[in-house]
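Input: a single structure, listed below in structure tokens.
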Amino acid sequence: MIKTGKARARVGRIGWMMAIFGLLWGVAPLAGQIYTQTIDVEVDSVGSSNSAFSVPGPLANGINAQTQLTFSPSDGVSGSNKFRVGFRLLDESGDPVLLDLGGSTGTVVWDNSSGFTIDIDTDAGDPANDTNSYSTLVLPDSQLDPAKDYTVEVVVGIEGFFFVIGGGTTPAWDDDLLAEEATPKQFQHFVGTQGDDAVNVLSVLDAVTWQRRSMVTGAANGAEAEAIEVGVDATLHRFDDWNSAVDSGPVDVTYEVELWKRDTLDGVDDQIPLETPQQTFSESIDSYSRVWIDFGFGSGFWLYSAITETVSHTLEVKPAAGQQLNPVEYDYYVVVTITHEEDPVAGTFRTGNSLQTTDERLLHFSGDLAFDDIDTVLENFTNLAESSIVGVFSTYLITDLNGAEGHLAGA
């Protein structure tokens, strides 16, 4: 997505005023940057045309950053200035990402580091403004996190010059003239896409939601109330071995589940041990996709792209033996982290992002019920937790167990 807007450059004349002040007083000009800006700059748009790239491979080998700038004379007066346009990539904290500049690293990649001259002569009948587009590839020095947002930022510099102590001037760039950010977006950054044992998958956890907030200890396997349940939605991206036949081999995706008790008294939450803290699913996803672009007369080319698959699963959240939840006094939440086996040969895993549910009361029934002096055993019930809490009191809850199944104790 491209963000549109106007951002006007500042006009800097302080330096030359300081220099003139020094000359009037008969002393050498102060060493410092000076310039007279006669042209204003406005950002019409800034963004990137791609969200996936690979190193190496036939995809874009970086983020294709683009911007459109409009130059106009300040106060309608003819003028000329030398500018340069660059791009930064900002992380979620607004800090610049280190970029690969081809033999070196830095935080800005320039469309033209030596700059270009904009000359608008209104007296000669030239257009009142000059609009140009600029683009370049932005390649991060390390792999981006597919679950985090990044922002492409355009920066505009103007050439000025320094007074040199002892006389003369030397050119210098003021790269803080103008900066404008695009709308944040996520990128799929693939590395090592051929000739290795890695599956080159990026796994992203999109959502974790409650599906069942009640259970009965000792319920039979497969029973409705055997465990608390959460639903997970995830997205898998893959671009691998594009120079070989498409491989649809399975990828083992694991969801690491944690159950936490929210403690609002001392501020330290407690983790509840689970019977099955990890649950793994085998997913089938092609290594890449390609389409033949036909120009006719036997000419054309293959257009390669990454594969994206969405998956959904239900995870059981079952406290370990001997653990009893306390919904009268505490709320609980679940944290899920997605991982997958990135290299089946080496047995290495890639850990993705984590998400958590909302805080909720979890109805954990022991299975023992008493109707006056008649002991019964609760085995199962089919109603969900959303409709089962009738009343909340300081020392107990009243619940509605429609659809409950059980038997008399000892029967």
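The values are calculated or read from the model by the stated rules, or taken from the named source; none is laboratory data. All values reported here derive from a predicted model rather than from experimental measurement. Every residue, glycine among them, receives a Cβ derived from its backbone with ideal geometry; neighbour counts consider all protein chains shown. Heavy atoms of the whole protein, side chains included, go into the accessibility calculation; ligands, DNA and RNA do not. Shrake-Rupley method; radii C 1.70, N 1.55, O 1.52, S 1.80 Å.
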Being of a type in the set (Ser, Thr, Tyr) and under 22 Å from the mean Cα position of the chain (by Cα) is the filter here; which residues of region 38-56 pass it?
Ser45, Ser48, Ser49, Ser51, Ser54
Quick one: which of Leu236, Leu202, Leu178 is more than 17 Å from Ser287 (Cβ to Cβ) and either at pLDDT 90 or above or touching a Lys or Arg at 6+ places or on another chain (Cβ under 7 Å) (or both)?
Leu178
Of the residues in region 345-372, those that are modelled with pLDDT under 80 and of a type outside the set (Phe, Trp, Tyr) come to Gly367, Asp368, Leu369, Ala370, Asp372
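If you scan region 326-364, which residues turn out to be charged (D, E, K, R) and assigned to a strand (DSSP E or B)?
Asp331, Glu341, Glu342, Asp343, Arg350, Glu360, listed by residue number.
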Just the residues that are open to solvent by less than 20 Å² (accessible area, probe 1.4 Å) and within 20 Å of Val138 (Cβ to Cβ), please, taken from region 182-209.
Ala182, Phe187, His189, Phe190, Thr193, Leu202
Could you list all residues from region 355-375 that are open to solvent by less than 20 Å² (accessible area, probe 1.4 Å) and over 42 Å from the mean Cα position of the chain (by Cα)?
Gly367
State whether one or more residues within region 255-263 are open to solvent by 80 Å² or more (accessible area, probe 1.4 Å) and either more than 30 Å from the chain's Cα centre (by Cα) or touching a residue at least 12 places away in the same chain (Cβ under 8 Å) (or both).
no
Under the condition of being acidic (Asp, Glu) and surrounded by fewer than 16 Cβ atoms within 10 Å (Cβ to Cβ), which residue from region 287-319 is farthest from the chain's Cα centre (by Cα)?
Asp294
Among the residues of region 265-277, count how many are surrounded by 12 or more Cβ atoms within 10 Å (Cβ to Cβ) and assigned to a strand (DSSP E or B).
3
Given (1) part of a loop (DSSP other than H, G, I, E, B); (2) within 27 Å of Ala60 (Cα to Cα), index of the condition Ala234 fails:
(1)
Among the residues of region 297-325, write down those that are in a loop (DSSP other than H, G, I, E, B) and more than 16 Å from Val216 (Cβ to Cβ).
Phe297, Gly298, Ala306
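Do the conditions hold for Asp240, that is, is it free of Cβ contacts under 8 Å to residues at least 12 places away in the same chain and open to solvent by less than 60 Å² (accessible area, probe 1.4 Å)?
No, not satisfied.
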